[in-house]
Amino acid sequence: MNGPNLVFEVAYRELRTHARTTAFKAITAFLVAAAIVGPVVVALWPDEDGARQVSIGLADGADRSLEETIVALAQGGLDVEFVPLSGRSQADTEAALASGDIDVIVDAPDTLVWDSQVDAPLAAILGAALQQRALLVRGEAYDLSENDVRQLLTPVDIADRIVDMTESSDFILAIAALGLFAGFLIPQVFGQLTLVSVVEEKSTGVVEVLLGHIHPRTLLLGKVLGLTLLAIGQILVFLAGLGAAMFATDSIDVSGSVWSFVPVLAVSLIGGLVFFNTLFALLGSLISRQEDASQVILPVVAPLMVGFIVGQLAIGGRADTTIIRVLTFVPPITPMLLPIRVARDAVAPWEVAAALSLLVLASWAMIRAAARVYEFTLLHSGSRVSWKKAWGFVRARPGSE
Amino acid sequence: MQRGCTVSISPGDEILISDGLSAHGLSKRFGDLVALDGLDLTVGRGQLVGFLGPNGAGKTTTMRAILGLTALDGGTISWDGAPMSVENRRDIGYMPQDRGLYPRMRVGEHIAYIGRLAGLSREGAADKARHWAERVGLGDRENDLIQELSTGNQQRVQLAVALVHEPTLLVLDEPFAGLDPVAVAMLSTVMAERVAGGASVVFSSHQLDLVQDLADELTIVSDGKTRVTGSTSELRRRSPTRLLRIEWDGPEPSWAPENATRLDAPPGVSVFRVPASSDSARLIAEAAREGTFASISYEPPGLEDVFLEIVAS
Ligand SMILES: Nc1ncnc2c1ncn2[C@@H]1O[C@H](COP(=O)(O)OP(=O)(O)OP(=O)(O)O)[C@@H](O)[C@H]1O
Ligand SMILES: [Mg+2]
């Protein structure tokens with residue numbers, strides 16, 4: 001058997017033993033359930049016609065004929081209840097406003113009484129109703145009948161036409177946000193699995209048996225490959241569940257632009273996984289006890305945090321500020337920022353190509369460096385190996401082992 | 001001595017061993033500590049070598065160096081007369097002193113996995129795993145997790161892992177530690193079989209009685225240097241002392257031979273350590289003059305005494 005086969009042997013063992021754990025099965029089951037239940041619940045949720053419930057208090061002097069106008073203007077968008085306030089004290093009505101029992105009071109003359117702030121959509125409808133009333137009254141002075149006035153005021157239906165349907169559709173942004181979350185969380189979860197697996201081999205001593213038969217680099221590559229495949233498998237299972245549920249409930253029609261976006265997301269995520277799994281394997285080779293893991297993980301989690309925070313800014317605000325553009329090229333952060341910038345259409349094609357190339361290069365360099373350190377530290381037990389010493393191993397003359 | 005190929009049994013009595021393992025002039029430092037200081041070890045084909053030495057003598061370091069797990073500062077390791085290659089190393093069956101198995105793998109699966117890493121095909125590894133699980137007495141536990149086994153049974157798995165690909169060189173670091181008498185007998189048989197099949201086997205142990213019975217050849221090391229090499233009887237014969245043991249029939253005389261040291265003995269028995277140059281016939285005649293005895297023996301000291309003498313010198 002030759003080298004690549006051995007890498008696959010190691011990867012296969014890694015995949016199998018992890019996929020078999022109860023924790024992994026439970027998490028996968030949970031993800032699939034969430035993927036399926038989410039769209040189904042949204043689809044089955046009782047449709048409330050989007051009607052919003054509002055209570056409008058009518059003060060003594062208010063024109064009761066307003067009610068009809070308001071209902072007409074709301075066009076079913078509001079489920080309006082009118083509360084006559086005659087006979088109630090001011091303190092009493094203000095208390096009702098404060099408690100939310102009443103959303104607004106229509107007072108004479110042409111006054112709207114709000115609790116602490118104006119509710120703009122409601123104010124617009126009530127304002128229009130009051131204007132309409134006033135126009136009817138004024139129209140009488142010009143011998144215009146109520147019907148004439150209504151004819152004059154019949155609103156024109158205005159159609160919205162959006163020229164660039166592809167840019168930052170809500171759906172793509174939602175996927176980018178999901179991608180950001182995945183790019184933040186998944187490398188950590190699977191990176192930790194990699195680290196635990198490396199440390200377990202050292203702490204149980206099985207590494208001594210393994211290295212009698214295979215090269216440390218083979219062991220490292222197999223481990224990273226196995227856990228990366230495991231992660232991809234879990235993501236695919238999740239996406240299959242999500243896709244099936246959305247298809248079954250007719251929740252989306254996927255626009256063509258999504259398909260140009262998905263490869264960037266996929267390459268970023270896989271690149272991130274390989275990069276971080278390797279990095280975590282390297283961290284694992286520096287220590288020999290699980291208890292020491294937290295000491296070495298911190299410097300890795302920092303760039304992930306930066307990426308996550310900046311990623312949120314890029315989703316919510318501008319996605320092409322200098323800082324975001326620069327951070328897109330920092331390999332550990334690329335997987336989180338690049339998909340968002342593509343989704344927001346705030347990136348040049350050369351930037352995508354360059355950032356992905358850098359990510360691939362960095363992953364390759366990372367694997368090589370980690371293999372060097374791995375070689376020197378795998379039989380090391382006891383205290384953790386310092387970063388300085390590890391760097392010395394990376395630069396050590398090949399073949400000195 | 002010729003480079004790595006010749007071993008000196010005793011002055012003027014050299015045999016050439018070109019087949020098998022030859023480690024020559026191994027040196028290794030850990031910082032200021034000299035772990036190996038020109039150590040030699042030879043294990044011929046079809047030879048079972050006991051590798052002895054006090055704690056910290058360098059046995060484990062030597063074995064790791066043979067496996068290529070430890071980088072040496074100097075020395076050569078060869079197999080069948082040529083420098084040990086990566087392929088040679090992959091073929092070695094190794095049982096490390098700090099035992100190591102994946103706790104959450106199944107017995108059969110684990111043995112087969114290592115078999116595949118050692119170069120067996122999928123089916124071959126599965127067959128051999130079944131065979132060796134059976135052989136080490138765990139045929140009915142193939143589907144148990146390693147962590148569910150007792151320490152001794154885990155050690156049986158460790159042995160199966162070392163043997164699964166039926167290597168031509170077996171390196172066993174304290175394989176008997178922690179085994180019950182049944183397992184000791186099983187392991188002894190397996191080792192003897194491998195050797196009969198032409199394999200080279202080297203094992204370290206502190207259980208000298210076992211080593212004495214089992215090994216064809218001993219290499220005793222201390223402070224990273226090889227002190228002596230030879231069969232048990234040769235080493236005993238080369239001891240500078242002899243033991244004279246007399247079981248008296250009747251009262252025990254206060255007599256002691258010339259240059260002798262009286263050793264602790266039960267009542268009615270005298271045991272003396274005398275120089276190897278003593279004339280045994282004269283000693284027996286002297287003893288006969290001093291009293292009547294039921295039995296008398298004059299022989300080289302046991303392996304344990306030889307070991308202590310060598311290590312102390
Ligand atoms: N990784 C290491 N770092 C530092 N010193 C080491 C290391 N490995 C071994 N040593 C030292 O090298 C010397 C030889 O150790 P080794 O383990 O080879 O002895 P040994 O003969 O196997 O002993 P034992 O019978 O106790 O198993 C010891 O002094 C030990 O402390
Ligand atoms: Mg040892």
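Anything over 20 Å Cα to Cα? Flag those among B:LYS28/B:LYS225; A:LYS223/B:LYS128; A:LYS388/B:LYS28, in the order listed. Don't skip to the answer; put the middle values down first.
Values: B:LYS28/B:LYS225 11 Å; A:LYS223/B:LYS128 25 Å; A:LYS388/B:LYS28 23 Å.
From the list (B:LYS28/B:LYS225; A:LYS223/B:LYS128; A:LYS388/B:LYS28), the Cα-Cα distance tops 20 Å for A:LYS223/B:LYS128; A:LYS388/B:LYS28.
When the protein assembly as shown is described by a simple charge dipole with +1 on each Lys and Arg Cβ and -1 on each Asp and Glu Cβ, the residue from A:LEU173, A:PRO339, A:GLY222 located farthest towards its positive end is A:GLY222. For peptide B:96-105, the mean count of partner chain Cβ atoms within 10 Å of a residue's Cβ comes to 6.
Dipole orientation for chain A: of the candidates A:VAL262, A:ALA98, A:SER86, A:VAL262 has the Cα lying most toward the positive pole (charges on Cβ; Lys, Arg +1; Asp, Glu -1).
If you model region A:52-153 as an ellipsoid using its alpha carbon gyration tensor, with each semi-axis the square root of five times an eigenvalue, the axes come out at 26, 15, 11 Å, biggest first. Once the Cα atoms are used to define both axes, helix B:181-196 deviates from the longest principal axis of chain B by about 80 degrees. In summary, the aspartates and glutamates within cross-link reach of A:LYS202, defined as a Cα separation below 14 angstrom excluding same-chain residues under 8 places away, comprise A:GLU291, A:ASP292, A:GLU375, B:ASP98.
Taking a span of 15 Å or more along the helix axis (Cα atoms) and a mean Kyte-Doolittle hydropathy of at least -0.5 as the rule, the DSSP H helices of chain A that qualify are A:3-19, A:22-44, A:120-141, A:170-204, A:216-249, A:257-286, A:293-316, A:349-377.
Give the peptides A:104-112, B:54-62, A:290-298 in descending order of average Cβ contacts within 10 Å, highest first.
Values: A:104-112: 15.9, B:54-62: 20.0, A:290-298: 14.0.
Put in order of decreasing packing, that is B:54-62, A:104-112, A:290-298.
Residues whose amide H falls under 5 Å from that of B:GLY230, counting only those 5 or more places apart or on a different chain, are B:LEU218, with hydrogens built in the peptide plane.
Peptide B:116-125 shows a mean partner chain C-beta count of 4 within 10 Å per residue C-beta.
222 nm [θ] for chain B, helices only, -39500 (n - 2.57) per DSSP H run of 4+, per residue, to 500?
Using -39500 (n - 2.57) per qualifying helix, the result is -9500 deg cm²/dmol.
From the alpha carbon gyration tensor of chain B, can you work out the equivalent ellipsoid semi-axes (sqrt of 5 times each eigenvalue) and give them in Å, largest to smallest? The partial results should precede the final answer.
Values: eigenvalues 356, 121, 52 Å².
Equivalent-ellipsoid dimensions as semi-axes: 42, 25, 16 Å.
Apply 1/(1 + (r/R0)^6) to the Cβ-Cβ distance of A:LEU135 and A:PHE181, taking R0 = 56 Å, and write down the FRET efficiency to the nearest 0.05.
Efficiency for this residue pair is about 0.60.
For a Förster distance of 22 Å, can you work out the FRET efficiency between the beta-carbons of A:ASP79 and A:GLN117, rounded to the nearest 0.05?
About 0.55, to the nearest 0.05.
Computed about its Cα centre, the charge dipole of region B:239-312 is approximately 120 debye, with only Lys, Arg, Asp and Glu carrying charge at their Cβ. Taking amide H as placed 1.01 Å from N in the peptide plane, B:PHE293 has its amide H under 5 Å from the amide H of B:ASP249, each at least 5 places away in sequence or on another chain. Please give the net charge around B:GLY268, taking every other residue with its beta carbon less than 13 angstrom from that of B:GLY268, where Lys and Arg add +1 and Asp and Glu add -1. Result for the neighbourhood of B:GLY268: -2. Positive-end ranking of B:GLY50, B:SER231, B:TYR113 along the dipole of region B:5-235, with charges on Cβ about the Cα centre, is headed by B:TYR113. Think of it as helices only: each DSSP H run of n ≥ 4 in chain A is worth -39500 (n - 2.57), and spread over all residues that comes to -23000 deg cm²/dmol at 222 nm.
For chain B, take the longest principal axis of its alpha carbons; what is the angle in degrees between that and the long axis of helix B:303-312, to the nearest 10 within 0 to 90? Helix B:303-312 sits roughly 90 degrees off the main axis of chain B. Using a probe of 1.4 Å, the accessible surface attributed to B:TYR102 totals some 0 Å² when neighbouring protein chains are kept in position. Based on C-alpha pairs under 8 angstrom that are at least 6 apart in sequence, chain B has a relative contact order of 19 percent. Across the alpha-carbon atoms of the protein assembly as shown, the computed radius of gyration and Dmax are 42.0, 162 angstrom.
Estimate the FRET efficiency between A:ARG395 and B:ASP180 by the formula 1/(1 + (r/R0)^6), using the beta-carbon distance for r and 45 Å for R0, to the nearest 0.05.
Values: r = 50 Å, r/R0 = 1.10.
After rounding to 0.05, the efficiency reads 0.35.
Averaged over peptide B:231-240, the number of partner chain Cβ atoms lying within 10 Å of each residue's Cβ comes to 0. For chain B, the longest principal axis of the C-alpha atoms and the axis of helix B:122-135 are separated by about 30°.
Put a plus charge on the Cβ of each Lys and Arg, a minus charge on the Cβ of each Asp and Glu, and nothing anywhere else: the dipole of the protein assembly as shown about its Cα centre is then about 3420 debye. Per the Debye formula on identical point scatterers at the alpha carbon atoms of chain A, with no solvent, log10 I(q)/I(0) at q = 0.09, 0.10, 0.14 Å⁻¹ is -0.73, -0.81, -1.19.
The values are calculated or read from the model by the stated rules, or taken from the named source; none is laboratory data. Only a predicted model underlies this, so the values are computations on that prediction, with no experimental measurement involved. When we count neighbours, we look across all protein chains shown, and the Cβ atoms used for this are built from the backbone with ideal geometry, even at glycine. Just the protein is used for accessible areas: all its heavy atoms, side chains included, with ligands, DNA and RNA removed. Shrake-Rupley method; radii C 1.70, N 1.55, O 1.52, S 1.80 Å.
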